[in-house]
1. For the pair residue 156/residue 196, report the inter-label distance in nm, with labels modelled 7 Å from Cα in the Cβ direction.
2. Would you mind telling me which residue in 105, 53, 183 has the biggest mean-square fluctuation in a Gaussian network model of the chain, where springs connect alpha carbons within a distance under 10 angstrom?
3. What length, rounded to one decimal in nm, is gained on full extension from residue 109 through to residue 29, with 0.36 nm per residue of separation minus their alpha-carbon distance?
4. If you place +1 on the Cβ of every Lys and Arg and -1 on the Cβ of every Asp and Glu, how big does the dipole about the Cα centre of region 134-212 come out, in debye to the nearest 20?
5. Using helices alone, I'd like the mean residue ellipticity at 222 nm for the chain: each DSSP H run of four-plus residues gives -39500 (n - 2.57), total over residue count, nearest 500.
6. Please give the charge dipole size of the chain, origin at the Cα centre, charges +1 on K and R Cβ atoms and -1 on D and E Cβ atoms. Round to the nearest 20 debye.
7. Can you give the FRET efficiency for residue 62 and residue 138, using 1/(1 + (r/R0)^6), R0 = 22 Å, r = Cβ-Cβ distance, to the nearest 0.05?
8. More than 33 Å apart: what percent of Cα pairs in the chain qualify?
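The values are calculated or read from the model by the stated rules, or taken from the named source; none is laboratory data. Here the structure is a predicted model, which is why all the values come from computation and not from measurement. In this analysis, Cβ positions are derived from the backbone assuming ideal geometry, glycine residues included, and neighbour counts consider all displayed protein chains. Keep in mind that these areas ignore ligands, DNA and RNA; they rest on the heavy atoms of the full protein, side chains included. Shrake-Rupley method; radii C 1.70, N 1.55, O 1.52, S 1.80 Å.
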Amino acid sequence: MASSGTTSFNPSIDEVIEEAYERCGVRTNSGYDLKSARRSLNLLFSEWGNRGINLWKVKSKTETLVNNQVTYNTPSDCNDVLEAVVTVSGGNQQTLTKISRSEYIAIPNKTQAGTPSQYYVDRQLTPTISLYLAPDTSAVTNIFYYYLARIEDVGAYTNTADMPFRFFPCMVSGLAFYLSQKIAPDRIQALKLLYEDELKRALEEDGQRTSV
């Protein structure tokens, strides 16, 4: 027998919700139940932001530097800045070192101008990135950095989730675990164990295959 020849399985949000409810032993078409499940799914995606770096959400940004301007806004979906370089005259790049709040506050003159060598990320609702030294644009032109973006909201029920196929199983099992806390308390422990196991495997797979 022939195989399908396709690799396009990508369930819509309403299919994810339906599967999760079935794992809780419930079938529902209630509008409130769908709304409740969508809210839980958004909370699940937010919780994944505390689990580490999701490689598919690493994005890049190039910012033109302003002479003597120390602090720059990051994109609205930014969670953290992972690494950064600046472009110096002649087109060469210089890697910046990420420093902590304590190290940054200890710098006595934060407006001293030159070629930046360090950066500090202030993780507010939308993080900002502060450079030291303050950029002298006669010597340095822009900053390029990789940042960790938030997972997109669920949105419409006909949407698909903002993630690679590797995370489909733990997305469904995670939603089932969240829903069980509302509608199937007798299944909470079993669904939690399944969720944590599937999420652990997905996170381990979501790595870079390079030599150390």
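1. About 3.8 nm separates the two model spin labels.
2. Checking each option, the largest mean-square fluctuation is seen for 105.
3. Values: separation 80, 0.36 × 80 = 28.80 nm, distance 6.17 nm.
The residue 109-residue 29 span can extend by a further 22.6 nm.
4. 220 debye
5. Working: 5 runs with 68 residues, N = 212.
Taken over the chain, the calculation gives -10500 deg cm²/dmol.
6. Values: 21 positive and 24 negative charges, 58 e Å.
In debye, rounded to 20, the chain gives about 280.
7. It comes out at approximately 0.70.
8. 35 percent
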